[in-house]
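Everything on this sheet refers to the single structure shown next.
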Amino acid sequence: MKRYAVYRTSAVDNETVGYVVNIVVWDGESPWIPPEGMSAVASDTLNLGDIYTPS
């Protein structure tokens with residue numbers, strides 16, 4: 001199981017692109033997709049409210 005940060009891929013209200021809205025623990029294999037307008041990245045350091053910038 002890994003820790004994933006769920007972040008916005010499109011801005012909504014006062015939450016910019018990259019804004020971390022949720023933290024989930026996921027095995028990376030079970031069927032799961034982030035909600036529309038969001039994506040997830042494995043991270044032990046990102047927390048709610050942080051801004052993720054894809055490299």
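The values are calculated or read from the model by the stated rules, or taken from the named source; none is laboratory data. This structure is a prediction, so every number in the text was calculated from the model and none was measured. Here the Cβ is made from the backbone with ideal geometry for all residues, glycine too, and neighbour counts use every protein chain on show.
Side notes on the structure shown:
- In segment 1-23, the residue that is nearest to the chain's Cα centre (by Cα) out of those that are loosely packed, with under 13 Cβ neighbours inside 10 Å and part of a strand (DSSP E or B) is LYS2.
- Inter-residue pairs, beta-carbon under 8 Å, first of a type in the set (Phe, Trp, Tyr) and in segment 8-29, second loosely packed, with under 12 Cβ neighbours inside 10 Å and in a loop (DSSP other than H, G, I, E, B), 6+ apart: TYR19/GLY49; TRP26/MET1; TRP26/TRP32
- Residue check for SER55: hydroxyl-bearing (Ser, Thr, Tyr), assigned to a loop (DSSP other than H, G, I, E, B) and exposed (fewer than 10 other Cβ atoms within 10 Å of the Cβ): yes
- One residue alone among GLY28, GLY49 is modelled with pLDDT under 95, out of contact with any Leu (no Cβ under 6 Å at 6 or more places or on another chain), surrounded by fewer than 16 Cβ atoms within 10 Å (Cβ to Cβ) and not basic (Lys, Arg), and that residue is GLY28.
- Checked against (1) small (Gly, Ala, Ser); (2) more than 17 Å from SER55 (Cα to Cα); (3) assigned to a strand (DSSP E or B), GLY28 passes all but condition (3).
- Filtered by the rule that a residue be of a type outside the set (A, V, I, L, M, F, W, C) and surrounded by 12 or more Cβ atoms within 10 Å (Cβ to Cβ), segment 31-46 gives PRO34, GLY37, SER39, SER43.
- Only residues that are assigned to a loop (DSSP other than H, G, I, E, B) and either closer than 22 Å to VAL12 by Cα or in contact with a Ser or Thr (Cβ under 6 Å, 6 or more places away or on another chain) (or both) were counted in segment 31-50, giving 10.
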